[in-house]
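J.: To start, I am sharing the structure in question, which I have written as structure tokens.
The values are calculated or read from the model by the stated rules, or taken from the named source; none is laboratory data. Given the structure is predicted, the values throughout are model-derived calculations rather than measurements. Quick reminder, even Gly has a Cβ in these numbers, built from the backbone with ideal geometry, and neighbours come from all protein chains shown.
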Amino acid sequence: MIALAGALAIGLSLGLLGSGGSILTVPVLHYLIGQPEQASIGGSLLVVGAIAAAAALPYARARQVSWRRVLWFGMPGMAGAWAGASLAPWIPGIAQLGGFALVVLVASWRMLAGGVVGAASPAAAATPRPAAVVASGACVGLLSGTVGVGGGFLIVPALVLVAHVPMHQAVGTSLAVIAINALTGFAKYRGVLEEQGIDLDWSVLALVAGVGIAASFAGHRLGRKLPQATLRRLFGGVLAVLGIGIVADVAIRLL
């Protein structure tokens, strides 16, 4: 039941904010379900990819996805995610978990500081720099494949400030990019896990993904009624507690 509650939170986060799902998925799989670090990271890529793809559908139907930016940002992200997953055999699981904790704390800081401000949207009229968009996409993809995060909390600001996507399209576009990055990273990561003799619990992953997809649709509906600034700050507080807890756990294991 606790794991199902976690799956609900994953889906709601992606549906409401277009980010945060993978930051919750790894702790759900590792701490609540008891999967090893690397299995949790690999499984999170599949779960988040599936939920993000489903969560992007309502935005696509409403024409709130910039498919051109998905290609510009997503294609380099796919290459970065593949490269990040390829590095996994040389990175200890505890180090990946520690890196994940740092990502959580950075995400918390960004959300508590206000995330992407609405004032950034006028920049949409400017012409994006292709090199900057490609570099941003590759860096987010690398992070996704290495520590198992979709990177939505980085993708949304990058889409607005670097790719100059209007704010009303940024969440839907972010979800499409997350789906591409996460599923590409999983495709590579699965082979890495098989080489190390680590099995994935497909029934658990399917259950978490299914509940998360249903919750993402509910999150999309709620997102049209609730103030985004309040939601981001609330979620940022949850991430701060989560990140500190993971840092403490990693520190205890290393002592």
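J.: Restricting attention to segment 176-184, does a residue exist that is modelled with pLDDT of 80 or more and surrounded by fewer than 22 Cβ atoms within 10 Å (Cβ to Cβ)?
T.: Taking segment 176-184 as the starting set, the residues that turn out to be modelled with pLDDT of 80 or more are 176-184.
Retained after the next criterion (residues that are surrounded by fewer than 22 Cβ atoms within 10 Å (Cβ to Cβ)): 183.
Yes, the conditions are met somewhere in segment 176-184.
J.: Which count do you get for residues in segment 109-146 that are at pLDDT below 70 and in a helix (DSSP H, G or I)? First the steps, then the outcome.
T.: If we filter segment 109-146 for residues that are at pLDDT below 70, which is where we start, we get 111, 114-128.
Adding the requirement that they be in a helix (DSSP H, G or I) leaves 111, 118-125.
Total satisfying the criteria: 9.
J.: Restricting to segment 25-48, and then to whatever is at negative phi and part of a loop (DSSP other than H, G, I, E, B), can you tell me which residue is surrounded by the most Cβ atoms within 10 Å (Cβ to Cβ)?
T.: Gln35
J.: Considering only residues of segment 49-81 that are outside any helix (DSSP H, G or I) and in contact (Cβ under 8 Å) with a residue 60 or more places away in the chain, which is surrounded by the fewest Cβ atoms within 10 Å (Cβ to Cβ)?
T.: Ala62
J.: While we're on this one: If you take the residues of segment 167-225 that are without any contact (Cβ under 8 Å) to a residue 40 or more places away in the chain and assigned to a loop (DSSP other than H, G, I, E, B), which of them is farthest from Ala60 (Cα to Cα)?
T.: Among those that are without any contact (Cβ under 8 Å) to a residue 40 or more places away in the chain and assigned to a loop (DSSP other than H, G, I, E, B), it is Gly197.
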